[in-house]
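Report on the following structure.
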Amino acid sequence: MTDLKTPAIVVNFKAYREVDGEGSLKLAKICESVSKDSGVTIAVCPPMVELGTVARAVDIPVFSQNADPHAPGSSTGWITASMIKSTGAIGTLINHSEHRFENNVISESVELAKADDLITMVCAESVKKAVSVSAYHPDFIAIEPPELIGGDISVTTANPLIIEDTVNSVKSVNKKISVLCGAGVKTGEDVAKAIELGSSGVLLASGVVKSKDPKATLYDLIKHI
Ligand code: G3P
């Protein structure tokens, strides 16, 4: 199992037009250059169609945005853990708020991802969900209040308690699970607050992907790490 060194900035590229085609590789290279220059872990989650291209081109952690609960075999259009592993990616998000699963599916996806030696990063929209998915012992849980996703108010400002409560509740189930937080995270101050509240880093998207200067944004995000 390859590890994700923390604290980490995990950049979810989502499906923004900025990451269509060459855009994913261009942004991943920017993330790589800032990470190499600063020594801060920056991981990227490109769209599935660019996953292999990006994973083969950069020397920073690359994650899939999803892994479906399907083993290799006769199934069509699904994303298997085995496919993700074969691209060179080291892990996968599961149950992002914009790609939600029922708990039984989350459990199956985590199990299949672990079997293919992928790092599992399960997203949760509430403390209650975070506690319930802790039972599947993912490597990471990312708490993201859906109403703050894509907005300009960081979860660290709007709802710091959800971060503290998630860290304490998840650690009470399994101390080995690391907690990230996300939604509206845009600045180095937001990242510093997230870490102060017990997070092992942040999961973010629009602040970097839609930035006019992603490199400058990334340097601001890591300035207090
Ligand atoms: O996966 C991270 C994402 O949901 C947060 O989005 O745009 O608020 O950073 P954003």
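Spin-label model, H137 to A216: label points 7 Å out along the Cα-to-beta-carbon direction sit 4.7 nm apart. Think of the stretch 8-222 as having a plus end and a minus end, set by charges on the Cβ of Lys, Arg, Asp and Glu; of G39, L204, V127, G39 sits farthest toward the positive end of this dipole.
So, for the chain, what is the accessible surface per residue at a probe of 1.4 Å, expressed in square angstrom? All intermediate terms of the calculation are to be shown ahead of the outcome.
Working: 9640 Å² over 225 residues.
Heavy-atom accessible area per residue stands at 43 Å².
How long are the three semi-axes of the equivalent ellipsoid of the chain, in whole Å, if each is the root of 5 times an eigenvalue of the C-alpha gyration tensor, listed from largest down?
24, 22, 15
Listed by chain and number, the lysines placed with their C-alpha closer than 24 angstrom to that of K36 are K5, K14, K26, K85, K186, K193, K210, K212, K215, K223; residues fewer than eight positions away on the same chain are left out.
Residue separation of T76 and T157 scaled by 0.36 nm, minus their Cα-Cα distance, works out to 24.9 nm of gained length.
Using C-alpha positions alone, give me the convex hull volume of the stretch 84-150 per residue in cubic angstrom. Kindly include the intermediate steps, with their values, before the conclusion.
Numbers: hull volume 5.6 nm³, N = 67.
Considering the Cα atoms of the stretch 84-150, their hull volume per residue is 84 Å³.
Near E196: Cβ cut-off under 13 Å, other residues only, Lys/Arg at +1 and Asp/Glu at -1. The net charge is -2.
Maximal additional length on extending the K223-D59 stretch stands at 56.9 nm, based on 0.36 nm per residue less the C-alpha distance. Taking label points 7 Å from Cα along the Cα-to-Cβ direction, E102 and E196 give a separation of 4.3 nm.
Contact order, relative form, for the stretch 19-104: 24 percent (alpha carbon pairs under 8 Å, 6 or more residues apart, mean separation divided by residue count). Taken about its Cα centre, the stretch 44-179 carries a charge dipole of roughly 340 debye when the Cβ of each Lys and Arg holds +1 and the Cβ of each Asp and Glu holds -1.
Loop only by DSSP, 16 or fewer other Cβ within 10 Å of the Cβ. Give me the chymotrypsin sites (Phe, Trp or Tyr not before Pro) in the stretch 1-101 that pass, ordered by residue number. Filter output for the stretch 1-101: Y16, W78. Full extension of the chain between D20 and K5 yields a length gain of 2.6 nm, computed as 0.36 nm times the residue separation minus the alpha carbon distance. For the stretch 8-222, averaging the sequence separation of C-alpha pairs within contact (under 8 Å, six or more residues apart) and dividing by the residue count gives a relative contact order of 18 percent. For the stretch 103-225, the percent of C-alpha pairs falling in each 5 Å distance bin, counted from 0 to the bin holding the largest distance, reads 2, 12, 22, 22, 18, 14, 8, 3, 0.
The values are calculated or read from the model by the stated rules, or taken from the named source; none is laboratory data. All of these numbers come straight from a predicted model, not from anything done at the bench. Every residue, glycine among them, receives a Cβ derived from its backbone with ideal geometry; neighbour counts consider all protein chains shown. Only protein heavy atoms, including side chains, enter the accessible area calculation; ligands, DNA and RNA are left aside. Shrake-Rupley method; radii C 1.70, N 1.55, O 1.52, S 1.80 Å.
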